[in-house]
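Trainee: Have a look at the structure that comes next, please.
Every number here is computed from the coordinates shown, using simple stated rules; none is lab data. Nothing here was measured: the structure is a model prediction, and the numbers come from that model. Neighbour counts are summed over all protein chains in view; Cβ atoms, including those assigned to glycine, are modelled from backbone coordinates with ideal geometry.
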Amino acid sequence: METVCLKMEEGLLKEIDSNLKKNRYSTRTEFIRDAIRSKLKEEEKDEFLRVLAMLKGSLKGKAKFSDEEAGEIAVKKIAKKLGVELN
């Protein structure tokens with residue numbers, strides 16, 4: 001594991017510190033790592049949504065599925081990739 005140093009405003013550190021106990025983080029580092037993981041997942045999800053939006057309608061007349069079926073399949077694949085469990 002590599003060390004990364006960064007400077008933060010005092011107000012931001014106070015917010016982090018107040019969230020440590022609320023969210024059961026033991027250290028600032030643990031909190032920051034989790035925040036970075038969340039941001040990376042969010043960026044990945046946004047990229048999937050951009051790609052999905054670009055593909056919308058590109059298979060018109062060529063797909064073996066109805067729009068509704070294709071949408072369900074796409075949502076399930078994206079959810080699986082993002083680690084979201086659908087009921």
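Trainee: At 0.36 nm per residue, and after removing the present C-alpha to C-alpha distance, how many nm does the segment from residue 27 to residue 46 gain when stretched out fully?
Mentor: That pair, residue 27 and residue 46, stretches by 3.9 nm at full extension.
Trainee: Follow-up. Can you give the FRET efficiency for residue 14 and residue 36, using 1/(1 + (r/R0)^6), R0 = 25 Å, r = Cβ-Cβ distance, to the nearest 0.05?
Mentor: 0.80
Trainee: Let me ask you something else. Once you place label points 7 Å from the Cα toward the Cβ at residue 73 and residue 54, how far apart are they in nm?
Mentor: 2.1
Trainee: Return one number: the angle in degrees, 0 to 90 and rounded to the nearest 10, between the long axis of the Cα atoms of helix 28-55 and the longest principal axis of the Cα atoms of the chain.
Mentor: 20
Trainee: Right, another one. Per residue, how big is the convex hull around the C-alpha atoms of the chain? Give it to me in cubic angstrom, could you?
Mentor: 165
Trainee: Using alpha carbons only, how many degrees (0 to 90, rounded to 10) separate the axis of helix 10-22 from the longest principal axis of the chain?
Mentor: 80
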